[in-house]
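> Following this message is one structure expressed as structure tokens.
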Amino acid sequence: MQAHEQAGWLEAAKRAMQIEARAVEQAAQRLDGNLSRAVELIVAHPGKVVVTGLGKSGHVARKIVATLCSTGTQAVFLHAAEASHGDLGIYAPGDPTLMVSKSGTTSELLELLPFLRELPSPCIGILGNASSALAAEMDVVLDASVEREADPGNLAPTASATVALALGHALAVALMGARNFSPEEFGRFHPGGHLGRSLRVTVGEVLHGPGEVAWAKPDDSLKQVVIAMSRHPLGAACVVDASGRLAGLITDGDLRRALEAHDDIRGMSARDAMTAHPISIGPDASLFEALRAMEERASQISVLPVVNQEGECLGLLRLHDIYRS
């Protein structure tokens, strides 16, 4: 396998992603009041949204359904080819329909329109051709047109599928805002998996409490701190005052830096090595909030002191504990 061949493949892959990224950006620039009208139309109805499409557009429609359901909007997928063979029974009067089509001329979707008018079912189209026969029948059209597909022959529905999916996600996110959909609700819809658990489980449920944590007073010798951290190897020691309020935190990294900076640490105290006023978290916070506090910062941290409203230190939470839980 020649190096120049590999370089060509890599360049083609990069170019494909750039074409798709540009297509999504152009679709974002085209967004207008139609998106707001689509949101209003869906929110006004207490029932579900029926999402339909065929072929690759059908696969996109299925993913849009999954995103809607997980973000507070009830939705079901209707296979366009099966609809007229009994699956139209999925509808209740007033259920909005979201149609996904690249060409806007999909015959199976056009054949659904008389039934949808009878229900009635307001129709929203994510369409690659805003001047198509299907577009003319929609109550709202979201323009999913693209300049070209991402493959060299401009054939495979690559950029067009990406844009259609991005518009579906944009609609779902807008609906989250319209419904004031909260992280707690998201957690209830995701009881399985790491994300769901991290939204439902609180810091207080998994923290390492007093008997598991290395504790120190500000005037304790650094040697005492090292001994305590060796007995309770959680990666840090909590430095507290006489009333148990958090005064500082000494991590393994703080100890290494103290040793690098001083030839003799025997005269040093916990106060000399600790980080005063460290980042902390409350026991009622979710593990998701704790993870964000640890990772969404310039330098990531792997351990958090847990402090109640009175400033009393309750223990430690490690990054490892979040993933293990």
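> Cβ-Cβ below 7 Å, separation at least six or inter-chain, first residue in the stretch 19-37 and closer than 16 Å to Thr162 by Cα, second in a helix (DSSP H, G or I) and polar (S, T, N, Q): which pairs?
Within 7 Å, the pairs are Glu20/Thr162; Ala23/Thr162; Val24/Thr162.
> So which of Ala135, Ala156, Ala164 ends up being outside any helix (DSSP H, G or I) and either modelled with pLDDT under 95 or touching a strand residue (DSSP E or B) at 6+ places or on another chain (Cβ under 7 Å) (or both)?
Exactly one residue qualifies, and that residue is Ala156.
> How do the strands (runs of 3 or more DSSP E) wholly within the stretch 243-318 filter down when requiring 2 or more residues that are in contact (Cβ under 8 Å) with a residue 24 or more places away in the chain and among the small types (Gly, Ala, Ser): which remain?
It comes to 246-251.
> Here's a follow-up. Here is a check on your reading of the model: is Ile90 among the β-branched types (Val, Ile, Thr), within 30 Å of Ser182 (Cβ to Cβ) and in contact with a helix residue (DSSP H, G or I) (Cβ under 6 Å, 6 or more places away or on another chain)?
no
> Also: Out of the residues in the stretch 218-230 meeting the condition of being charged (D, E, K, R) and in contact with a strand residue (DSSP E or B) (Cβ under 7 Å, 6 or more places away or on another chain), tell me which one is surrounded by the fewest Cβ atoms within 10 Å (Cβ to Cβ).
Per the criteria, the residue is Asp219.
> So is Thr97 at negative phi, surrounded by 14 or more Cβ atoms within 10 Å (Cβ to Cβ) and modelled with pLDDT under 95 or not?
Taking the combined requirement at face value, the residue does not satisfy it.
> Taking only pairs six or more apart or across chains, which ones have beta-carbon atoms under 7 Å, a first residue in the stretch 223-237 that is in the same structural domain as Met268 (by TED's automatic domain parsing), and a second residue that is surrounded by fewer than 20 Cβ atoms within 10 Å (Cβ to Cβ) and in a loop (DSSP other than H, G, I, E, B)?
Lys223/Arg266; Gly235/Ser302
> Take Gln29 and tell me if it is part of a helix (DSSP H, G or I) and closer than 24 Å to Met176 by Cβ.
So Gln29 fits the description; yes.
> In the set Leu35, Leu10, which member is in a helix (DSSP H, G or I) and touching a helix residue (DSSP H, G or I) at 6+ places or on another chain (Cβ under 9 Å)? Please lay out each step first, then the result.
Numbers: Leu10 fails: touching a helix residue (DSSP H, G or I) at 6+ places or on another chain (Cβ under 9 Å).
Unique residue meeting the criteria: Leu35.
The values are calculated or read from the model by the stated rules, or taken from the named source; none is laboratory data. Because the structure is predicted, anything quoted here is derived from the model rather than measured. When we count neighbours, we look across all protein chains shown, and the Cβ atoms used for this are built from the backbone with ideal geometry, even at glycine.
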